2 protein chains.
Amino acid sequence: MASVEIVTIGTELLLGHLVDTNSAYIARELADHGIDVYLKHSVGDNARRLETLLREALQRSDGVIATGGLGPTVDDLTKDAVASAVGTTLEMHAPSLRAIEDRFASFGRSGPIGENNRRQAILPAGAFVLDNPNGTAPGFVASRADGKFVACMPGVPGEMKPMLRDALLPWLGTRFGLQSAIYTRTLHTVGIAESEIDARIEPLFRALENPKIAVLAHGFRVDVKIMAKARDAAAAQDAIAPVEAALRERIGAGIFGVDEETLAGAVLRVLGERGLTLGTAESVTGGGVADAFVAVPGASSVFRGAVIAYDNALKTSLLGVDEAVLREHGAVSEETALAMARGARVTLGCDVALATTGIAGPSGATPGKPVGLVWLAVADGRGATARRTTWPGSRDDVRRRSVTAALNLAWRHLEKEESQPASATKT
Amino acid sequence: MASVEIVTIGTELLLGHLVDTNSAYIARELADHGIDVYLKHSVGDNARRLETLLREALQRSDGVIATGGLGPTVDDLTKDAVASAVGTTLEMHAPSLRAIEDRFASFGRSGPIGENNRRQAILPAGAFVLDNPNGTAPGFVASRADGKFVACMPGVPGEMKPMLRDALLPWLGTRFGLQSAIYTRTLHTVGIAESEIDARIEPLFRALENPKIAVLAHGFRVDVKIMAKARDAAAAQDAIAPVEAALRERIGAGIFGVDEETLAGAVLRVLGERGLTLGTAESVTGGGVADAFVAVPGASSVFRGAVIAYDNALKTSLLGVDEAVLREHGAVSEETALAMARGARVTLGCDVALATTGIAGPSGATPGKPVGLVWLAVADGRGATARRTTWPGSRDDVRRRSVTAALNLAWRHLEKEESQPASATKT
């Protein structure tokens, strides 16, 4: 199997000022094309370290895919190191220089381009050039005499991703004569602990080589991923289907969706199937729950909108929360959460409403109401229920977890509704 | 200078199913403590590859800090590889076993713990144990005879971060006898291109060794980071202050904040200084703009709330947008954006209101209104102005960029207001 290493370049990465999202994206695309990633590395803007790393990687693997170090800044040392690692030198690449000049001309700039931009057209001799329609710096693949290679792309994701898809992956397909790929299908669960899922599926897990199964926890959500190596999508589907059926039998109702489907998407899907509409009334989450729903393509057929009543006066004027409730129980209380959810149904004209109110911190705690206390509520035509939660961590942690918990509450509410006679009522 | 390498462990990382945020966090903490990160690596759950990587890293650097591979799953091979790399063997660590048993007992579980959890207490002989108050798997530091070491922490950020802060960093401080650290100060700018900032500060940039300057673009925002290596915070401040002054002189009014301050935070700060309140009326951004404001601690003194009018009927009922405006110009139009912003001031009772309406895709385009078209508006007591934007990319890209553009519009509005006589009016 073709095997490469990914190298992300930039001192910012070693200082932790930048989270490397490029390498995960590249790894996913490579996996889908059946190319194994042997190791990933990050290295600073240091020509000697980079060259050593590249030489070592080319000993272990068939090639290196690198991002970063190609921008119009003064500390660009990448190309020197790459040329040296593959045993060549740098030279001006005339077509790339013209492409850079054309790009500047298209922006309406006249006159010669600056030295920084000219330098972007200097490439290892004999390199295969990867066009960059979204920026000035071209990418390139520099190959050693034995065919091992270093591919370099810009670090800006908006430039790297199209270059990978339209230029580098086709080149890799030819280079490796690719015949098979890894296909994945991911089952998303909520409400079951990772260890519980592990226990339920371990016998299956142990027996399997292809497809493989991986369990991955993301807070409330636990994913079960099926990975099949196959010739094509149809063969992968044949391999995955019986494993998925076996997993569904063992895991049961906790599975809310597959692959790209989010919990918000699943809630919208089930509501849509039942012909119901949704809205939210938010305080502590500040629109985060609404945003999760609007992120779902086609949300408008179910999701109507939201009232973000951060100020207490708006809880009364827009959501009809009784001032006496706020006075007696406080804005962060079961009573207020229930009143917000009920009020949202009226104000927004929706069938089901979610509400959030809490104390994200760092200030705002009162006796008996610590930072991290959040009340969630869901209301429908039959009544409303609330749930008290407390979250550790920062303001961001509390708010993020509250959004997920609100989605979780909605999902469990829909599951429960399904198994309940229509005459049941709650208040 | 003490120098380590960071290794993140997990096949999921090489498949790109997980973005590694741990290593950036660890790198930042290490930099703050004056420890240099020489390289970062990700490796799969493969004992042989991990051991080879660890052996090579210990040749180059003083130690390795690893995360992942310690969870209660069946594919745990990390500890074997670590023990082997430092030349020791595994043994049951009795205090860690008791800690795991106590943790389960505290959850109300009785009886013996399972084999998977028992295995978590098996550690390299002689290891220094890093307590894990937030999970079952303890971390540890296994040292070679010559003092070079491999530190292992769980991959779950909520367990890793406190362990790093409370157990590993103190250990590293003792191990390296740390005397100096790198201190950073970051100036955030908006509205100036990266290349323009580069050009303005390059003479300064070239001349400096300590502090160093780095320029980093994040979409609309361009950061200029000053990094000083110093004995303590006071010495760092002395080194940074004159460089910051020189940068401010060259960059000017585009600087909206420093360090942790966000654009939303800067908008709230300036509004607060002027005694004004804020609200938003959102459609395409679905609460994302409101959420950016609520993310700022203390937002409640300025930010009142929002109306998310995703459904057109709510644009009329809650924001007072004339049905005729929606009929004649459409929901995504200058007229609707202006009416939403004006209406939000009334409904939310705020001084300044932002509005967003657009087509995030993938569906929803109409002749003359492509996917990616977004109208933004800002209204205050003197009138309202709108701005037309078009964004490439996915639904997420369009929505995310619209949130930033709305914040950008608010900031530019505040800058302009400041330099304008109070009698000026716009409609």
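Every read-out reported here was derived from the displayed coordinates using simple, explicitly stated rules and does not represent laboratory data. What you are looking at is a predicted structure, and each value in this text was computed from that prediction instead of being measured. Ideal geometry is used to build each Cβ from the backbone, glycine not excepted, and the neighbour counts take in all protein chains shown.
Quick check: from the Cα gyration tensor, does chain B come out rounded (a/c under 1.5), prolate or oblate? Prolate shape, in that a/c is at least 1.5 and a/b is the bigger ratio. Each Lys and Arg contributes +1 and each Asp and Glu -1, all at the Cβ; summed about the Cα centre of the protein assembly as shown, the dipole is approximately 440 debye. For the rotational copies A and B, the chain A residue with its Cβ nearest the relating axis, together with that separation in Å, is A:287, 1. Relative to the longest principal axis of the Cα atoms of chain A, the long axis of helix A:94-106 makes an angle of roughly 40 degrees. Both radii come from the Cα set of the protein assembly as shown: Rg as radius of gyration, Rh as Kirkwood radius; their ratio Rg/Rh reads 0.96. Excluding same-chain residues fewer than 8 positions from residue B:315, which aspartates and glutamates have a Cα within less than 15 Å of its Cα? Residue B:315 reaches B:282, B:323, B:328, B:334, B:335. Roughly how tilted is helix A:334-348, in degrees to the nearest 10 and between 0 and 90, from the longest Cα axis of chain A? Value to nearest ten degrees: 80. Taking 0.36 nm per residue of separation and subtracting the Cα-Cα distance, full extension of the segment from residue B:174 to residue B:259 would add 27.7 nm. Annotation: peptides A:84-92, A:298-306, B:17-25, ranked by per-residue average of other Cβ atoms within 10 Å with the highest first, follow the order A:298-306, B:17-25, A:84-92. Remark: segment A:3-176 carries a charge dipole of roughly 120 debye about the Cα centre, counting +1 on each Lys and Arg Cβ and -1 on each Asp and Glu Cβ. The mean number of partner chain beta-carbon atoms within 10 angstrom of a residue's beta-carbon across peptide B:297-305 is 6. Per residue of B:151-158, other chain Cβ atoms within 10 Å of the residue Cβ number 1 on average. Under the classification rounded if a/c is under 1.5, otherwise prolate if a/b is larger than b/c and oblate if not, where does segment B:263-418 fall, given a ≥ b ≥ c as square roots of the Cα gyration tensor eigenvalues? It comes out prolate by the Cα gyration axes. Inter-copy label distances at residue B:245, using a point 7 Å along Cα-to-Cβ, come to 7.7 nm with the shortest given first. Listed by chain and number, the lysines whose C-alpha is less than 28 Å from the C-alpha of residue B:40, apart from same-chain residues fewer than 8 away, are A:40, A:79, A:148, A:161, A:212, A:225, B:79, B:148, B:161, B:212, B:225, B:229. Loop-located trypsin sites (Lys or Arg not before Pro) in segment B:203-259 (DSSP state other than H, G, I, E, B) with a sparse environment of at most 15 neighbouring Cβ atoms within 10 Å: B:231.
By the equivalent-ellipsoid construction on the alpha carbon gyration tensor, segment B:7-137 comes out with semi-axes of 27, 17, 16 Å, ordered largest to smallest.
Between copies, the label points of residue B:393, set 7 Å from Cα on the Cα→Cβ line, lie 2.3 nm apart, reported in increasing order to one decimal in nanometres.
Taking all C-alpha pairs of segment B:326-427, those more than 15 Å from each other amount to 62 percent. Relative to its Kirkwood radius, the Cα radius of gyration of segment B:307-379 gives an Rg/Rh of 0.96. Spatial offset of segment A:1-30 relative to segment B:383-407 amounts to 29 Å, using the alpha carbon center of each. Per residue of the protein assembly as shown, the DSSP helices (runs of n ≥ 4 H) give a summed -39500 (n - 2.57) that works out to -12500 deg cm²/dmol at 222 nm. If only the Cβ of Lys and Arg carry +1 and only the Cβ of Asp and Glu carry -1, the dipole of chain B around its Cα centre is close to 360 debye.
From the square roots a ≥ b ≥ c of the eigenvalues of the alpha-carbon gyration tensor of segment A:181-258, which class results: rounded (a/c under 1.5), prolate (a/b over b/c), or oblate? Prolate. Sorting the segments A:4-10, B:94-100 by their residues' average number of neighbouring beta-carbon atoms within 10 angstrom, most packed first, yields A:4-10, B:94-100. Between residue A:220 and residue A:273, take the C-beta separation as r, use R0 = 30 Å, and let me know the FRET efficiency to the nearest 0.05. Computed FRET efficiency for residue A:220 and residue A:273 comes out at 0.85. Remark: mean inter-chain Cβ contacts per residue of B:26-33 equal 3, using a 10 Å Cβ-Cβ cutoff to other protein chain atoms.
The C-alpha atoms of chain A define a longest principal axis, and helix A:395-418 lies at about 60 degrees to it. Between segment A:199-215 and segment A:250-305, how many Å separate their Cα centres? Between the Cα centres of segment A:199-215 and segment A:250-305 lies a distance of 30 Å. Here the Karplus relation 6.51 cos²θ - 1.76 cosθ + 1.60, evaluated at θ = phi - 60°, turns the backbone of segment A:157-164 into coupling constants of x, x, 8, 5, 4, x, 5, 4 Hz, with x for every Gly and Pro. In chain B, a dipole from Cβ-located charges (positive for Lys and Arg, negative for Asp and Glu) runs towards its positive end, and of B:43, B:325, B:294 it is B:325 whose Cα lies farthest in that direction.
Ranking A:277, A:64, A:105 by Cα position along the charge dipole of chain A, where only Lys, Arg, Asp and Glu carry charges on their C-beta atoms, puts A:277 farthest toward the positive end. Taking every DSSP bridge with both residues inside the protein assembly as shown, close to 65 percent are antiparallel. Starting from the label point of residue A:329 at 7 Å along Cα→Cβ, the same points in the other copies fall at 4.2 nm, in ascending order.
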